[in-house]
Amino acid sequence: MALNFEDIVSHPGLGAYIQAQARAMQQAYEGNPRASAVFATQQRWLMAHIGLALHFRRDPSDYRKEMTAARFVDVTVQHQVASRNTAHAFIKEMQHYHFIEVGRAGDDGRIRPLQVPAMTLEPLIGWVLIHLSTLDALDGGKRLETFQARPQMLAQLQPLVADGLISSVPVREPQQTFSLFTWLNNGGVVMDWLISGVDPANAANERIPTGILSVGDFARWLKLSRTHLARKLRDAETLGSVGWLGQRGHSVMWISNEFYGEYVTAQAVKLAIIDAAFAACQAQPAN
């Protein structure tokens, strides 16, 4: 049986498991910053999942059911994830970096299907493995082992995850501080970095120390504008969500207990969606 949101968010060990997950996501970013950047803002993350779901649900034998730029844009706009212009720009960027490729024309020469090469799926597989590991840690399950034994499950799993993410109000409308960072370039990485430095034993504190000492070093590691990052941090500081134990920008940064709770809640929502999708795949016969 899949873990639901209440099961996950009330688990006594969740803080430690979420910290381990944040560190794993941080390592994934270090290993492939360009690919990780595709998932690094809320809007791009959802658009990527829409595109991948269209890829896995395509029917190569029917050119009318192939993934195309027009279909991607229509679905993105239908779910109010982005405007047509933003969706078109995302497709062009993905083509520029070879995350998607234009395939050969089918029976209708006007339709050019889009294809996802194997290298594009590698970061997705890593993302799935990280989250299945967290779910296994929560209940001692064997999801990771099952997935690794049935890698073809990805084609069933990802579209169900995408459906869950796109239809989730908490995912689409995150809480206030969390939303500040979800629209920042590499904002997801920023939050993972902050949480990775938090000692779960301090999670009940009103102000929770992180491992961040220098905004400049932080910005350089993230390949972000220091000015832009500092502006977002000031916005979060105004909300009382972050601050510094000493001089601003030159001492250990803290995050508020409320912001920490927002992050953990968002991870619990996402993990519940992934586990529901995984359970649905388990209920289907193996391909």
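The values are calculated or read from the model by the stated rules, or taken from the named source; none is laboratory data. Just so it is clear, the structure is predicted and the values come from calculations on it, not from any experiment. Reconstructed Cβ throughout: ideal geometry from the backbone, glycine too, with neighbour counts over all protein chains shown.
When segment 70-83 is filtered for residues that are under 18 Å from residue 104 (Cα atoms) and either outside the structural domain of residue 22 (by TED's automatic domain parsing) or crowded, with 19+ Cβ neighbours inside 10 Å (or both), the ones remaining, listed by number, are 71, 72. Taken over segment 4-41, residues that are crowded, with 20+ Cβ neighbours inside 10 Å and in contact with an Asp or Glu (Cβ under 6 Å, 6 or more places away or on another chain) amount to 2. Restricting 149, 87, 105 to residues that are modelled with pLDDT of 95 or more, aliphatic (A, V, I, L, M) and loosely packed, with under 14 Cβ neighbours inside 10 Å narrows the list to 149. Is it fair to say residue 195 is out of contact with any strand residue (DSSP E or B) (no Cβ under 7 Å at 6 or more places or on another chain), in contact (Cβ under 8 Å) with a residue 60 or more places away in the chain, crowded, with 16+ Cβ neighbours inside 10 Å and in the same structural domain as residue 129 (by TED's automatic domain parsing)? When the stated conditions are applied, residue 195 does not pass them. Against the numbered list (1) surrounded by 15 or more Cβ atoms within 10 Å (Cβ to Cβ); (2) at pLDDT 90 or above, residue 279 comes up short only at (1). Here the condition is being surrounded by fewer than 19 Cβ atoms within 10 Å (Cβ to Cβ) and either touching a Phe, Trp or Tyr at 6+ places or on another chain (Cβ under 7 Å) or under 22 Å from residue 10 (Cβ atoms) (or both); of 174, 170, it holds for 170 alone. For beta carbons closer than 6 Å, sequence separation of 6+ or different chains, a first residue in segment 113-133 that is in contact (Cβ under 8 Å) with a residue 40 or more places away in the chain and a second that is buried (at least 16 other Cβ atoms within 10 Å of the Cβ) and among the aromatic types (Phe, Trp, Tyr), the qualifying pairs are 120/99; 132/147. The helices (runs of 4 or more DSSP H) found entirely in segment 1-102 that carry 2 or more residues being of a type in the set (A, V, I, L, M, F, W, C), on the phi < 0 side of the Ramachandran plot and over 20 Å from the mean Cα position of the chain (by Cα) are 69-78.
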